[in-house]
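The values are calculated or read from the model by the stated rules, or taken from the named source; none is laboratory data. All figures in this text were calculated on a predicted structure; none of them were measured in a lab. All Cβ positions, even for glycine, are placed from backbone atoms using ideal geometry, and neighbour counts span all protein chains on display.
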Amino acid sequence: MNLLFVGLFLIYSNSFSQKKPYNPSIKYTSEQLKEDFQVFRYKLENNLANLYLYNTEQRIDFVFDSLYQNINQPMTDMEFYAYISQTISIIKDGHNFLYPDPVVTHYFNQRSKFIPYHLTWINDKLMVDKQCTPDSSVIIGSEILEINGLDSKYIFNELLRRQVRDGYNETYPIWILNHYFREYYSYIFGHPETFNIKYKTTTGEIKTVVVDGLTKENMVCYLGSSLYPDLKKEKGVEYQFDESIKTGFLKVKSFDRSMYRKKFHQQYQSEIRKAFYEIKRDNVETLVLDLRNNQGGNFEYGQFLLSFLLREPFHLIEQTKAVKGYNQNRLKKGICYGTKLTKIKRNAYHGKLYVLINGGCFSNCGIVVSDLSFYNRGILIGEETGGNKAILSGNVGFESVTVLPNTSIHCDPVNHQIQVNSKIENNGHGTLPNYLITPTLTDIINKNDVVKNFVYKMILEGN
């Protein structure tokens, strides 16, 4: 399961049929919670390839032991989720997913109140970039200082330390929260009927107001559109040509096979072949490849794209290692399609290349960008990628979801470690851009694409 699916799950889980009545006030005994924790721990120790990549076994054992020993009172399923999800940022594996039962999210999405704003964390501040309520007390551009008596920095840090990330990368978990803040806020802080908000106005005044929470349905009715317009775009692969500057623009939104089948209704390989046929036909002098927000997917899709861009045969990844039981030598060499030597296509593009990246470039997209950087192919513009450039984890051929027996929380640790390239040092970060370009709040509000504007300027100046 990639994070794009998790995001869609958070938003659209109304489509899941309820398997059982859900009561959010039910508390599980400490014995039931300890049983769930033991299953959770066993699953991580026996299935998560990168469990000890960034912390020692002794450190991880200490965390597990401490959490287990402190389960000494009843909790609801969401309280338990908040409790065990503290492990995520300690383990630091981007594919170590943990999320509530779909029944739970279905229940909340239908019945519960959410904070009626879209919030963005920018320059260490929690800012309002969209109102989803007719209450105009807190306008777009305001800085949120407190929510229900809690400092916004405390709130964001509590959410941040429960988000997946590869190593020490923070562009990815921040990207997640900037897309799905209201969902993750509700997971940890609940669904209050009202929100007591202390905020700073656009003119610098400090004010406090009580705002009613709204259901998602009510927010959509107010906006007259989806809460998540980015997920409504129609094409996964899209090519355009600007004759005036002899520049092609190729956007690839995903490498996920199921997304092309179920959402984009495109055949990925055919669309990529068509795009590069048109790139050659148009005598493109400069190509801008936009990979921002691409959450990864199938190895062969990333491999296929690179075969039209690189200048020599390549390996998408170098090797994989699979978990083979819980023992001292728990990782053994695995087999993966992505390790094969791939030849360059006859009509590959060898001209000037710009690649647009951000924290949403994750998993297989992070691998593709890492390869482009390693082979010195293209100028990278934007932000550090979310996916690790050297070592990450992933599912190779199967899903591994486990449902905890009492709370029904889902955990999905993956059992393959993927080494992209042993010549690249694993410093716990993604690929850095050649030019760091980040939008301001004004850019976000006005939908001003500063990264693409920067590229236009470079092209016009002949850089």
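Some values worked out for this structure:
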quantity	calculated
Meets criteria (acidic (Asp, Glu), in contact with a strand residue (DSSP E or B) (Cβ under 6 Å, 6 or more places away or on another chain) and crowded, with 20+ Cβ neighbours inside 10 Å) for Asp256	yes
Residue match in segment 326-348 (condition: in a helix (DSSP H, G or I) and of a type in the set (Gly, Ala, Ser))	yes
Output for segment 406-432, where each listed residue is in contact (Cβ under 8 Å) with a residue 40 or more places away in the chain and either under 18 Å from Gln38 (Cβ atoms) or among the charged types (D, E, K, R) (or both)	Asn406, Thr407, Ser408, Ile409, His410, Cys411, Asp412, Pro413, Lys423
In segment 340-386, residue surrounded by the fewest Cβ atoms within 10 Å (Cβ to Cβ) [restricted to those that are under 17 Å from Asn421 (Cβ atoms) and touching a Cys at 6+ places or on another chain (Cβ under 6 Å)]	Val369
Qualifying residue in segment 247-262 (condition: under 28 Å from Leu460 (Cα atoms), in contact with a helix residue (DSSP H, G or I) (Cβ under 7 Å, 6 or more places away or on another chain), of a type outside the set (A, V, I, L, M, F, W, C) and touching a residue at least 40 places away in the same chain (Cβ under 8 Å))	yes
Residue match in segment 429-436 (condition: part of a strand (DSSP E or B) and farther than 30 Å from Val104 by Cα)	yes
Enumeration of residues in segment 389-428 that are of a type in the set (Gly, Ala, Ser), closer than 16 Å to Leu316 by Cβ and in a loop (DSSP other than H, G, I, E, B)	Ala390, Gly397, Ser422
Some residue of segment 322-339 being of a type in the set (Val, Ile, Thr), surrounded by 15 or more Cβ atoms within 10 Å (Cβ to Cβ) and modelled with pLDDT of 95 or more	no
Checking Val211 against (1) surrounded by fewer than 17 Cβ atoms within 10 Å (Cβ to Cβ); (2) more than 30 Å from Val288 (Cα to Cα), the condition it does not meet	(1)
From the options Ser244, Ser258, Ser254, residue that is over 30 Å from Thr286 (Cα atoms) and small (Gly, Ala, Ser)	Ser258
Count of residues meeting criterion [assigned to a loop (DSSP other than H, G, I, E, B) and under 14 Å from the mean Cα position of the chain (by Cα)] in segment 354-382	6
